[in-house]
Structures are given as C-alpha cells and as structure tokens.
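This report refers to the structure that appears directly beneath it.
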Amino acid sequence: MANKYVTVTAPVNIATLKYWGKRDRFLNLPTNSSISVTLSQDDLKTTTSVCYSKNFESDALYLNGNEESLSSPRQQSCLKLLRKCRIEKEEQDPSLDKIASLPLHIVSVNNFPTAAGLASSAAGYAAMVYSIAKLYQLDLDRSELSKIARQGSGSACRSLYGGFVAWEMGSLDNGSDSKAVQIAPRAHWPGIRAAILVVSAAKKEVPSTGGMQLTVKTSDLFDYRVKQVVPARYEEMKKAILAKDFGVFAELTMKDSNSFHAVCLDSYPPIFYMNDTSKRIVKVITTINEAYGRNVAAYTFDAGPNAVIYYEEKDEDIVLGTLHEFFGSVPGWAKKSGKSFSVPRKFPIEKFDHDVFSKGVSRVILTSVGEGPTLVPESILNPDTGLPKL
Ligand SMILES: Nc1ncnc2c1ncn2[C@@H]1O[C@H](COP(=O)(O)OP(=O)(O)OP(=O)(O)O)[C@@H](O)[C@H]1O
Ligand SMILES: C[C@@](O)(CCOP(=O)(O)OP(=O)(O)O)CC(=O)O
C-alpha cells in the first residue's frame, strides 16, 4: 500500500469576546460562549502535512523541524477521536483500506513565533485535526471537527472557520454541543484589518489553563462576567458583525478585553497579563477614538501583553498613520513601504511623550480577516521517510 499524505494550512484567530474559564478541563468545555476573527493566512499560518505508513514505528510530530512529544493528553485525545471516526468508517465500508491503526507522522511549521502569545496552539491544533480528517477522508463538517480541535486547545475550535466565528459553549456534560459555528464568512466584511503589536515574544508567565482555573476558583467578579455580561454581549456582538457596525463591534471588543483582564486582576493571587506598554497602547487607541468622535479602532489583549488592533480599511490612514508615528522603526511595515499616511491632524500627538510611548513594541504584523483551513498541494513531509523535507 502506498504512503498517503495530505497538507493543509490553518489560520490563527483572535477573540473579540474572550473564552476564559472551563466547566470541564479535560474536555475543554468553557464557562461562556466566545467570538473571534480569523486572521489572514497570507500573514500568519500553520502548514501541516500528515502521512500514514505501516513502516513507521510509531506516531511522531515534527514541529518547526524538531521532533516533539505527542504524548500530552490533549494531543492524544485528538488522535484517538480521529482514529475512532476512521474505524467507524472502515467498519461501515469493508472495501476501505484499514489505515486507522497505522502510525501517523505529522510535520508542521508555523510561519510566526510558536508559544509566544500569538495563538500558535489554535492554528496548530486546527491544522492537525483538519489534515488528519482529510487523510482519513472523514465525512465530518467543520463544526464536528471543531469539537475535536477544542480538546487540543479550546480556542483552536474557532480556527476551523474563516471570517467571524462563534464558539457556542453548549450545556451537555459530554461536550457534544460545544462547537464553533461561522457567524459570517470573510467576504461579508472583508475590510476588517488587524495590526498586531508584538510587545513580548516570551512564553507567557501564567499559562491559560492554570490562569482560567485560578480565576474560576477565586474571582468574585467572574460569576457576574459569565452570567450577566457575556450572554448579552455575545448577542450584541453577533448583531454588530452581521450589520457591519464597526463602532459597536469596536466598543464591545474593547469592553470585553477590559472585562477579561479585570477578572484576571480579581483572581487571587492576581494575574497580570498587560504591561505598561499594553496600557500605553490602550491610551493611544482611546485617544484616537475620542479625537475622531467615533471608534476608528479597537484594542484587544489575550493572555499576554501583545495588542491586536482591529480597524476598517477605510480608516487605515488614521490608525496605521498614528501607530507608525510611534512604532514606525520596528520591523513589519514592509508591505506599506513607500506609503505616506495622511493622518488628519485631529490627533493630539503632542499629548504623548514620544520617547516613552514608542518603546516596548518589537515588531508589528499587519493583517486582515481571512479564510479557514485549506488543503494545499505542496507537502512539507517526505512521504517515503515521514520526515520533514529539507
Ligand atoms: N503547528 C503546530 N502543530 C501542533 N502543535 C502546535 C503547533 N504550534 C503550536 N503547537 C502546540 O501549542 C503549544 C503552544 O501553545 P501556547 O498556548 O503555549 O502558545 P500560543 O498558542 O502560541 O500562545 P497563546 O495561547 O498565548 O496565544 C506548543 O508547545 C505545541 O504543543
Ligand atoms: C485569552 C484567550 O486567548 C484564552 C485562550 O485560551 P486557550 O485556548 O489557549 O486555552 P486552553 O483551552 O487551555 O488551551 C481568549 C480566547 O482566545 O478566547
């Protein structure tokens, strides 16, 4: 039997309504629904090739060129669930090749820093699950696959779709209704842009899982967030996306970032993810919004100090022009080289101490809303050896 292989690419997603809290930590079942924007794979993507062969000794994962363990319970849950689906398929159709029990080799590369607060685990698990599902020719839609990716990392379930995505928390104990659904495809609102300001590429001090558990256990505000704040915000944000109402979308996004960091601060002992640079970025964005009398940009921060700024293409000059004034000297502006931004002088730049405000950002990534996982022809794995192609 020939070695069979497939290659896919998968995107990063950045939540605008945050997942923070688990009701089941083994199944990664959340305490609230969440919403995200999938970012373009032109700028940030995971590429994963997978292959099975009776000649391989065991399952193996090569990440960014190095062999990594595949033994974590999260990785094992994903592999077991995918194999179970393939076994069912083989049982239903005895003419199919019996490949479910053959060892798998997974070769994956992220074209951006891994484990550095840029959601590599989301793109990584989405790519792994989508590629193996394609290799096994499983007849599962993206929502079904999202339930498997969710067990790898909660936020990974949202990377199964492009555009604007909701993770419906569900209520069942077995998690069968906790899945991602698409609110709207990229084409619905293609003018959404994102500027990522990389403040730190270091591993986060408090990993998400531990941080969430501490918050669930100790924060008094948390109960109010999940029962009162998020359910209403979830409906309002979906409405704003469908209506392409950036002003409302931006306000809800910033408020939800604030709310998430507030419950982190309210945890005991407190968890601090934003640093002084993050706070200065908030100040710049709120000042631009005040100066223009509308929300031209929205900030959001995950479990680390990096900022993601959402804006609409039509406001690029205002938003990027302002960010360029502060952070124009760091890498990441190449795609705008030669462009001079015309920022209408409504923005009181002199309010800011340029020397203080321009510090702390090491790189910018300029991107936009993008598509979900995609099959691609070029393999990054040598199917004869199962090793990364050099
Ligand atoms: N391409 C990939 N394929 C498979 N697993 C991956 C891939 N990329 C990352 N991972 C897994 O995700 C882990 C990193 O997750 P972690 O949550 O620490 O960082 P992150 O997702 O980049 O950051 P954050 O969650 O703060 O945005 C890696 O150690 C690896 O186990
Ligand atoms: C702040 C967040 O980015 C938290 C993401 O948490 P993870 O998905 O990384 O957590 P695990 O399920 O434990 O893997 C918010 C979000 O993406 O919704």
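The values are calculated or read from the model by the stated rules, or taken from the named source; none is laboratory data. In this text the structure is predicted, and so the values were computed from the model without any measurement. Every residue, glycine as well, gets a Cβ built from its backbone with ideal geometry; the counts of neighbours run over all protein chains shown.
Some observations on this one:
- Residue match in segment 11-33 (condition: modelled with pLDDT of 95 or more, buried (at least 21 other Cβ atoms within 10 Å of the Cβ), in the same structural domain as residue 173 (by TED's automatic domain parsing) and touching a His at 6+ places or on another chain (Cβ under 6 Å)): no
- Of all residues in segment 234-243, at least one satisfies being under 14 Å from residue 16 (Cα atoms), surrounded by 14 or more Cβ atoms within 10 Å (Cβ to Cβ) and β-branched (Val, Ile, Thr).
- As a summary of the residue check, residue 101 satisfies the conditions (1) away from ligand 1 (no atom under 14 Å from the Cβ); (2) touching a residue at least 40 places away in the same chain (Cβ under 8 Å); (3) of a type in the set (Gly, Ala, Ser); (4) farther than 30 Å from residue 221 by Cβ except for the one numbered (2).
- For segment 124-153, filtering for residues that are under 20 Å from residue 207 (Cα atoms) and more than 10 Å from ligand 1 (Cβ to nearest atom) leaves 3.
- Count of segment 111-146 residues which are within 18 Å of residue 177 (Cβ to Cβ) and within 13 Å of ligand 2 (Cβ to nearest atom): 1
- Flag if residue 269 is away from ligand 2 (no atom under 16 Å from the Cβ) and either surrounded by 22 or more Cβ atoms within 10 Å (Cβ to Cβ) or part of a loop (DSSP other than H, G, I, E, B) (or both): yes
- For segment 279-295, a tally of residues being surrounded by 22 or more Cβ atoms within 10 Å (Cβ to Cβ) and modelled with pLDDT of 95 or more returns 3.
- Taken as a whole, the condition of being on the phi < 0 side of the Ramachandran plot, modelled with pLDDT under 95 and not assigned by TED's automatic domain parsing to the domain that holds residue 309 does not apply to residue 122.
- Tally of residues being out of contact with any Asp or Glu (no Cβ under 7 Å at 6 or more places or on another chain) and not in a strand (DSSP E or B) across segment 12-63: 22
- Members of segment 38-69 that are hydrophobic (A, V, I, L, M, F, W, C) and more than 14 Å from ligand 1 (Cβ to nearest atom): 51, 56
- Looking only at segment 71-98, and only at residues there that are free of Cβ contacts under 8 Å to residues at least 60 places away in the same chain and under 15 Å from residue 153 (Cβ atoms), the one that is nearest to ligand 1 (Cβ to nearest atom): 72
- Those residues of segment 104-121 which are more than 6 Å from ligand 1 (Cβ to nearest atom) and either touching a helix residue (DSSP H, G or I) at 6+ places or on another chain (Cβ under 8 Å) or under 11 Å from residue 49 (Cβ atoms) (or both), in sequence order: 104, 105, 106, 107, 109, 112, 113
- For segment 311-327, a residue qualifies if it is of a type in the set (Ser, Thr, Tyr) and either buried (at least 24 other Cβ atoms within 10 Å of the Cβ) or within 16 Å of ligand 1 (Cβ to nearest atom) (or both), and exactly one does: 311.
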